[in-house]
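In what follows, a single structure is set out as structure tokens and then discussed.
Readers should treat all values here as calculations from the given coordinates under stated rules, not as data from a laboratory. Everything numeric here is computed off the predicted structure, so don't read it as measured data. All Cβ positions, even for glycine, are placed from backbone atoms using ideal geometry, and neighbour counts span all protein chains on display.
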Amino acid sequence: MPHACAAWNCTNRCTLQTRSQGITFHRFPKEIHLRKQWEVALRREGFNANDASRLCSEHFRREDFDMTGQTVRIRDGAVPSVFRYPSHRQKDHSYALPTSLENLRARLNETLSRMESMEREKRNAKDRERRAKNIVRALLQDLREKNLINEELKERLDLYSDMDTSARKPHRILVTGGSGLVGRAIEKVVQDGEGREDEEWIFLSSKDADLTKAEDTWAVFEKHQPTHVIHLAAMVGGLFRNMKYNLDFWIHNGPPHGSNFGYSYAKRMIDVQNRAYFQQHGCKFTSVIPTNVFGPHDNFNIEDGHVLPGLIHKTYLAKKQGTPLTVWGSGKPLRQFIYSLDLARLFIWVLREYPEIDPIILSVGEEDEVSIREAAESIVEAMGFEGQVIVSFEICVRKTKLWKNKEVNASKKVTFTVF
């Protein structure tokens with residue numbers, strides 16, 4: 001006599017017809033605890049499985065099966081979860097499915113939406129709490145340093161550092177240089193869902209204001225009233241632009257490498273300025289120091305661009321014109337590169353989580369350093385260039401540092417994009 005499925009209201013029997021339909025039958029497990037789970041899942045009062053008891057495959061999910069061999073088997077630990085119980089009995093049981101795929105999809109979407117909303121509320125609440133505590137601590141410390149508060153009063157006020165911050169205004173984040181490589185990367189990351197409900201992002205380009213003019217800068221701040229600023233607007237370029245326009249980069253007095261001393265001094269003085277602002281006005285500014293950046297919307301000008309976009313453009317022209325590809329220098333200098341979208345996520349992390357004045361270096365690890373030659377070879381391979389590659393010493397190699405390593409102290413905050 002054919003075995004019948006032990007599930008309630010299931011009419012499947014172990015026959016040639018059901019086998020031809022792809023339905024398989026499976027014994028109850030011998031392990032006592034797992035067998036009990038199967039029996040409970042059936043919800044048949046007084047039912048105790050024996051050696052002749054079988055369950056058909058229609059009561060298991062697809063992932064419950066091991067179909068790697070010739071025989072379809074139930075995976076270890078799998079429990080039946082698909083049953084056609086009456087609708088009035090489904091509501092009380094978490095393993096019961098809706099009566100249709102449409103209802104299942106609707107319930108799943110509702111649950112996922114509710115989970116996302118709760119996670120967002122939880123994240124925002126923690127962020128508000130953390131920022132409020134930092135503000136209170138900084139204020140109390142400032143009052144104590146100015147001898148406006150004694151220790152006893154400070155301890156009493158410390159009790160209020162967990163104040164309710166639900167009424168705090170949203171953050172209005174102004175990004176200058178918003179049309180550049182990093183600015184566009186931050187905008188894309190924010191638009192792709194990494195922005196928060198309590199954040200309003202404003203991206204400006206040089207068309208919106210000339211930030212070298214005080215009146216234009218004041219007008220921008222009066223118009224947007226930002227609470228935070230990511231200042232990316234700058235005169236930037238590759239090695240040859242830095243060497244050619246050293247004086248133009250030299251905004252503040254501040255000895256770095258001779259190849260681009262003016263550009264380097266300008267960056268160094270940012271840290272000095274930030275510390276002075278904090279000491280005199282209590283304003284918290286920090287400088288972010290990334291390594292070589294590349295990505296969408298990069299500057300591919302051979303003279304003004306950085307090394308990777310410059311090499312890409314030169315390879316493109318050499319392939320198009322059928323000429324040799326010339327790589328300046330020896331190709332031996334080691335460099336670290338970071339993808340613009342990865343850097344954008346690190347910028348956002350700094351904005352939200354980094355409360356210090358000390359500059360922070362954002363880069364990949366030392367193990368990911370590559371030589372200029374390796375970078376050029378990777379570009380040649382990726383672009384399918386089959387012509388001659390010439391390493392030229394026309395540019396004096398002594399003007400270029402063979403090794404430029406950036407300390408990595410925030411590289412574990414994101415998962416870097418693999419190329």
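Once the Cα-Cα distance is subtracted from the 0.36 nm per residue extended length, the GLU374 to LEU334 segment shows a gain of 13.5 nm. Here the simple spin-label model places points 7 Å from the Cα toward Cβ, and for ALA132 and MET269 these points are separated by 4.2 nm.
Between GLN225 and GLU303, how high is the FRET efficiency from 1/(1 + (r/R0)^6) when r is the Cβ-Cβ distance and R₀ = 30 Å? Nearest 0.05. Working from the Cβ atoms, E equals 0.15. Near the amide H of LEU362, within less than 5 Å, lie the amide hydrogens of ILE289, THR291, all on another chain or at least 5 residues away, with H placed in the peptide plane.
Using the average count of surrounding beta-carbon atoms within 10 Å as a protection proxy, the listed peptides 196-205, 19-28, 310-319, 214-223 rank, highest first, as 310-319, 196-205, 19-28, 214-223. What is the spin-label model distance, in nm, from THR212 to GLU110 if the labels are put 7 Å beyond Cα along the C-beta direction? About 6.1 nm, to one decimal.
Summarising the label geometry, the points placed 7 Å from Cα in the beta-carbon direction at ARG19 and SER117 lie 5.2 nm from one another.
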